[in-house]
1. Among residues belonging to the range 212-245 that are over 23 Å from Y67 (Cβ atoms) and polar (S, T, N, Q), point out the one that is surrounded by the fewest Cβ atoms within 10 Å (Cβ to Cβ).
2. Quick check, is S182 closer than 21 Å to L68 by Cα, in contact with a Ser or Thr (Cβ under 8 Å, 6 or more places away or on another chain) and of a type in the set (G, A, S)?
3. Scan the range 160-171 and tell me whether some residue there is among the small types (G, A, S), over 30 Å from A197 (Cβ atoms) and in contact with a strand residue (DSSP E or B) (Cβ under 9 Å, 6 or more places away or on another chain).
4. Count, please, the residues in the range 168-182 that happen to be at pLDDT 90 or above and in a loop (DSSP other than H, G, I, E, B).
5. All but one of (1) within 13 Å of the chain's Cα centre (by Cα); (2) within 28 Å of E142 (Cα to Cα); (3) open to solvent by less than 30 Å² (accessible area, probe 1.4 Å); (4) not hydroxyl-bearing (S, T, Y) hold for P124; which doesn't?
6. Restricting the search to the range 81-108, which residues are open to solvent by less than 30 Å² (accessible area, probe 1.4 Å) and more than 25 Å from T167 (Cβ to Cβ)?
7. I'm told Q138 meets every condition in (1) within 17 Å of I94 (Cβ to Cβ); (2) within 20 Å of the chain's Cα centre (by Cα); (3) part of a helix (DSSP H, G or I) except one. Can you identify the failing condition by its number?
8. In the range 188-211, what count of residues is obtained for those that are among the aromatic types (F, W, Y) and either at pLDDT 85 or above or open to solvent by less than 40 Å² (accessible area, probe 1.4 Å) (or both)?
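The values are calculated or read from the model by the stated rules, or taken from the named source; none is laboratory data. This structure is a prediction, so every number in the text was calculated from the model and none was measured. No Cβ is skipped: glycine too gets one built from the backbone with ideal geometry, and neighbour counts run over all protein chains shown. All accessible areas refer to the heavy atoms of the entire protein, side chains included, with ligands and DNA or RNA removed. Shrake-Rupley method; radii C 1.70, N 1.55, O 1.52, S 1.80 Å.
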Amino acid sequence: MHAEGLLVRGGELKIKEMEVQCYLFVLLGSTLFVDKSRDRLRPAINLFLKDHRRLADYAWGAGALAYLYRQLGVATRAGSKGLCGCLTLLQAWIYEYFPLFRPSQLPQSPDAPRASSWISPRLPGGDEARQRLVRYRQLLDELSADDVTWTPYGRDGHTDIPRSLYTGPIRFSDIAEGYDPSRCLRQFGYRQIIPAAMTVPHDHYRPASGSSYIVFWDPWVNQLWNNVAARRLELDFASRPCEQPSEIVEEYVDWFLTRSHPRITHPTDEEPQPRPLLVHQVSYDFLLLFQI
């Protein structure tokens, strides 16, 4: 639309840079930072695309995770319908840790993305979708420690990616969410202990209408990500290696139950039903869990 002006200011090279910037804007907005509008993208993405030479300097994985954490929080509200964020990441995480919900998997080269090996299952509809949703919720309520793959990336995955032991807030633009690996030490092959209190914002604001909220952090918190060495969880100091994959300290369950919702479905006095078929024996899509 404005080719003449661009040519005057920077020539053909300027046009190519704009094309690349627009492509990346659409790519990131439709994969890592997805919202529920379907036809709009977050303008904040453009802040990181002004200089394409710095694209590799940004922690896109941490940004996508912070954005997804925020959307998971929004989705827990009673009036929320649906879920946004990088659902490919969420779905792949589910498949890695919960064998009951895995679809079929293709053999793959070690250099290929892990998430690309899963075969997308058929998406049901109507009564079939509702029945499967009930079954998935029942499976989640009946999960035991033996139904979880605690170390899908091996017991020493954190040695290859030291930043996975970072503890503190992770950010994307104006979004900052707490990240604390000590809350799931079993994924590193260590016994689960009661974690220390997380770094929390000093204030927050949630408007009466709208689906978002604003969190205010102290200025020094914004610098934590740049000092990973000082903010790295020392596993051997915090706990000890597991003898069994799901090992926990004795008092952990009591601590967990006072801070979590252990069941999805409302408990009743009815007789317990037989355990349903394993989900990996049928075609399904786990994201139906979020269709209320």
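1. Looking at the filtered set, the residue picked out is Q244.
2. Working: closer than 21 Å to L68 by Cα: yes; in contact with a Ser or Thr (Cβ under 8 Å, 6 or more places away or on another chain): yes; of a type in the set (G, A, S): yes.
Against the criterion (closer than 21 Å to L68 by Cα, in contact with a Ser or Thr (Cβ under 8 Å, 6 or more places away or on another chain) and of a type in the set (G, A, S)), S182 qualifies.
3. Here is the first cut: in the range 160-171, the residues among the small types (G, A, S) are 164, 168.
Now drop any that are not over 30 Å from A197 (Cβ atoms), which leaves none.
Scanning the range 160-171, I find no residue that is among the small types (G, A, S), over 30 Å from A197 (Cβ atoms) and in contact with a strand residue (DSSP E or B) (Cβ under 9 Å, 6 or more places away or on another chain), so the answer is no.
4. Looking only at that region, the number is 1.
5. Going through (1) within 13 Å of the chain's Cα centre (by Cα); (2) within 28 Å of E142 (Cα to Cα); (3) open to solvent by less than 30 Å² (accessible area, probe 1.4 Å); (4) not hydroxyl-bearing (S, T, Y) one by one, P124 breaks only (1).
6. The initial filter retains those residues of the range 81-108 that are open to solvent by less than 30 Å² (accessible area, probe 1.4 Å), namely 83-86, 90, 92, 94-97, 100-101, 103.
Within the range 81-108, L83, C84, Y95, L100, F101, P103 qualify.
7. The one condition Q138 does not meet is (2).
8. Applying the first criterion (among the aromatic types (F, W, Y)) to the range 188-211 yields 188, 190, 205.
Next, only the ones that are either at pLDDT 85 or above or open to solvent by less than 40 Å² (accessible area, probe 1.4 Å) (or both) stay: 188, 190.
The qualifying residues number 2.
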